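Chemist: Handing you a structure now.
Readers should treat all values here as calculations from the given coordinates under stated rules, not as data from a laboratory. None of the values given here were measured: they were computed from a predicted structure. Virtual Cβ from ideal backbone geometry, glycine too; neighbours counted across all protein chains shown.
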Amino acid sequence: MYYILERELKKKGLTRKNISDKLGISISTVSCKLNDHSEFTIKECKEIRELLNFNGTIDELFKTE
């Protein structure tokens, strides 16, 4: 699980639907990726970082521990 990403989504009031719309993928695919059953691509990571207007690095945002 991506703890920082989940925290930032909650802070911004964004949902898996918002991510799926931004990335053009299904909500179930987003859920699989958020639950670490599949990986986000670098492009997807950059788009999510942009959606969140996150000032840290992609590595920080997608940290799993």
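Chemist: Any residue at all in region 13-27 that is of a type in the set (S, T, Y), more than 11 Å from the chain's Cα centre (by Cα) and within 21 Å of E65 (Cα to Cα)?
Modeler: Narrowing region 13-27 to residues of a type in the set (S, T, Y): 15, 20, 26.
Checking which are more than 11 Å from the chain's Cα centre (by Cα) leaves us with 26.
After this cut, where a residue has to be within 21 Å of E65 (Cα to Cα) as well, the list is none.
For region 13-27, residues of a type in the set (S, T, Y), more than 11 Å from the chain's Cα centre (by Cα) and within 21 Å of E65 (Cα to Cα): absent.
Chemist: Can you name the residue in region 1-13 that is surrounded by 14 or more Cβ atoms within 10 Å (Cβ to Cβ) and not acidic (D, E) and is also farthest from F54 (Cα to Cα) among such residues? Give the derivation first.
Modeler: Taking region 1-13 as the starting set, the residues that turn out to be surrounded by 14 or more Cβ atoms within 10 Å (Cβ to Cβ) are 2, 4-5, 8-9.
Narrowing the set further to residues that are not acidic (D, E) leaves 2, 4-5, 9.
Values: Y2: 14, I4: 10, L5: 9, L9: 10 Å.
Of everything passing the filter in region 1-13, Y2 is farthest from F54 (Cα to Cα).
Chemist: Now for a separate question. Just to verify a result, which residue in region 14-47, among those that are aliphatic (A, V, I, L, M) and farther than 14 Å from Y3 by Cα, is surrounded by the fewest Cβ atoms within 10 Å (Cβ to Cβ)? It would help to see each step written out before you state the result.
Modeler: Going residue by residue through region 14-47, those that are aliphatic (A, V, I, L, M) are 14, 19, 23, 25, 27, 30, 34, 42.
From the residues that got through so far, the ones that are farther than 14 Å from Y3 by Cα too are 14, 19, 23, 25, 27, 30, 42.
Working: L14: 15, I19: 24, L23: 18, I25: 15, I27: 14, V30: 23, I42: 9.
My answer is I42.
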